[in-house]
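Note sheet for the following structure.
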Ligand code: SF4
Ligand code: SF4
């Protein structure tokens, strides 16, 4: 097996990774609720890095099977922070799956990540300046200023491009972790029979629940549901959602929007507060990407609320300007974070659980032969 002496230095560019003091005592494995029957989880991937084994690391699913509760880090007698090491490995692996090289640039360089957000935001403002409709000032006509058909077309183009990137990166993950792994022969039928694992874990995120005793699972799940609700409203049902009609409070257009907004504001603020005061073990280390996604999500929700309030108070110009600000935050959040940043974990995690279940079944079949 080829040894790459630069691997440790390479991984360290993606965050904190100081496991050279690990003396392999196994306390992290004992403490981890997710280690299950694996006697080397979460240590194996860390050892791969220390030993310079790049190929086994790149084909490993284990960093995705850690849900970062931080229990192992609290237990580690050498303060080597195995939980944060796994987080760093997830960033590293995200950049290995991404064929464009942008994820690697964004994770390793603050200038690249912040610069990309600013450039995309400025591009949105430029588009709004060039293509906005007539500005009606005696009443609010948001759909005249930003015709919903045009915004919807822009949404659909962006959605298609982002889907292309995330699907092609997920395919690269499959190639690295499954196709190139010849340790066990996998019958194609297993990919079909185990599909339920993908669906269950994508919808419920239930491994968060197994991972820790606190209420992280419900918070994380509600953020995902709030985000998904807002995403469906603005990408699929924009014609129904962005309207100049004022609906009664019980109308689904209002309470679905309120639900998603309240959830996003409350829980992203909670995440940011946790990081600011370093509330839990998992907040001790914060990479730029850990800040940017919740900040952008919070700002998107807050500017969305402002547009809503200005519209209801009949302030035309503040409504239009805030709407442009809202788009100039929401679009870079999607363009930068979905395929290349922290959002992509929502795809890679359930995929990893699915791939691992396929491998486990294949092993069981082999053992039964
Ligand atoms: S608890 Fe710490 S020192 Fe022990 S094996 Fe895990 S990372 Fe290494
Ligand atoms: S952070 Fe939690 S889930 Fe991840 S390896 Fe440590 S104990 Fe296990």
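The values are calculated or read from the model by the stated rules, or taken from the named source; none is laboratory data. From a predicted model like this one, the values you see are computed outputs, not experimental measurements. Ideal geometry is used to build each Cβ from the backbone, glycine not excepted, and the neighbour counts take in all protein chains shown.
Tell me the residue from 53, 61, 7, 57 that is under 25 Å from the mean Cα position of the chain (by Cα) and more than 24 Å from residue 109 (Cβ to Cβ), please. Let's see the steps before the verdict.
Details: 53 fails: under 25 Å from the mean Cα position of the chain (by Cα); 7 fails: more than 24 Å from residue 109 (Cβ to Cβ); 57 fails: more than 24 Å from residue 109 (Cβ to Cβ).
Checking each option against the conditions leaves just 61.
Restricting the search to the stretch 6-42, which residues are part of a helix (DSSP H, G or I) and either within 11 Å of ligand 1 (Cβ to nearest atom) or in contact (Cβ under 8 Å) with a residue 24 or more places away in the chain (or both)? Give the derivation first.
Step one: filter the stretch 6-42 for residues part of a helix (DSSP H, G or I), giving 7-12, 27-31.
If the condition is that a residue be part of a helix (DSSP H, G or I) and either within 11 Å of ligand 1 (Cβ to nearest atom) or in contact (Cβ under 8 Å) with a residue 24 or more places away in the chain (or both), then 7, 8, 10, 11, 12, 27, 28, 29, 30, 31 are the ones that fit.
Scan 88, 100 and give me the residue that is surrounded by 24 or more Cβ atoms within 10 Å (Cβ to Cβ) and more than 9 Å from ligand 2 (Cβ to nearest atom).
Working: 100 fails: surrounded by 24 or more Cβ atoms within 10 Å (Cβ to Cβ).
Going through 88, 100 in turn, the sole match is 88.
Determine whether the stretch 157-178 contains at least one residue that is over 21 Å from residue 344 (Cβ atoms) and either free of Cβ contacts under 8 Å to residues at least 60 places away in the same chain or exposed (fewer than 13 other Cβ atoms within 10 Å of the Cβ) (or both). Outline the logic, then answer.
The initial filter retains those residues of the stretch 157-178 that are over 21 Å from residue 344 (Cβ atoms), namely none.
Checking the stretch 157-178: not a single residue is over 21 Å from residue 344 (Cβ atoms) and either free of Cβ contacts under 8 Å to residues at least 60 places away in the same chain or exposed (fewer than 13 other Cβ atoms within 10 Å of the Cβ) (or both).
Given the conditions (1) in contact with a helix residue (DSSP H, G or I) (Cβ under 8 Å, 6 or more places away or on another chain); (2) closer than 20 Å to residue 352 by Cα; (3) loosely packed, with under 14 Cβ neighbours inside 10 Å, and given that residue 37 satisfies all but one, which numbered condition is not satisfied?
Residue 37 satisfies every listed condition except (1).
Just to check your reading of the model, which residue among 94, 88 is within 16 Å of ligand 1 (Cβ to nearest atom) and at pLDDT 95 or above? Walk me through how you get there before you give the answer.
Details: 94 fails: within 16 Å of ligand 1 (Cβ to nearest atom).
Checking each option against the conditions leaves just 88.
Since residue 64 meets every condition but one in (1) more than 16 Å from ligand 1 (Cβ to nearest atom); (2) assigned to a helix (DSSP H, G or I); (3) over 27 Å from residue 207 (Cα atoms), which condition does it not meet?
Just one mismatch for residue 64, condition (3).
Please list, ordered by residue number, the helices (runs of 4 or more DSSP H) wholly in the stretch 236-336 having 1 or more residues that are closer than 30 Å to residue 76 by Cα. Outline the logic, then answer.
On the way: elements: 238-241, 252-277, 288-312.
In the stretch 236-336, 252-277, 288-312 are the helices (runs of 4 or more DSSP H) which contain 1 or more residues that are closer than 30 Å to residue 76 by Cα.
Kindly indicate whether any position in the stretch 161-168 is closer than 24 Å to residue 322 by Cβ and either under 18 Å from the mean Cα position of the chain (by Cα) or modelled with pLDDT under 95 (or both). Walk me through it before giving the result.
Keep residues of the stretch 161-168 that are closer than 24 Å to residue 322 by Cβ, which gives none.
No, every residue in the stretch 161-168 fails to be closer than 24 Å to residue 322 by Cβ and either under 18 Å from the mean Cα position of the chain (by Cα) or modelled with pLDDT under 95 (or both).
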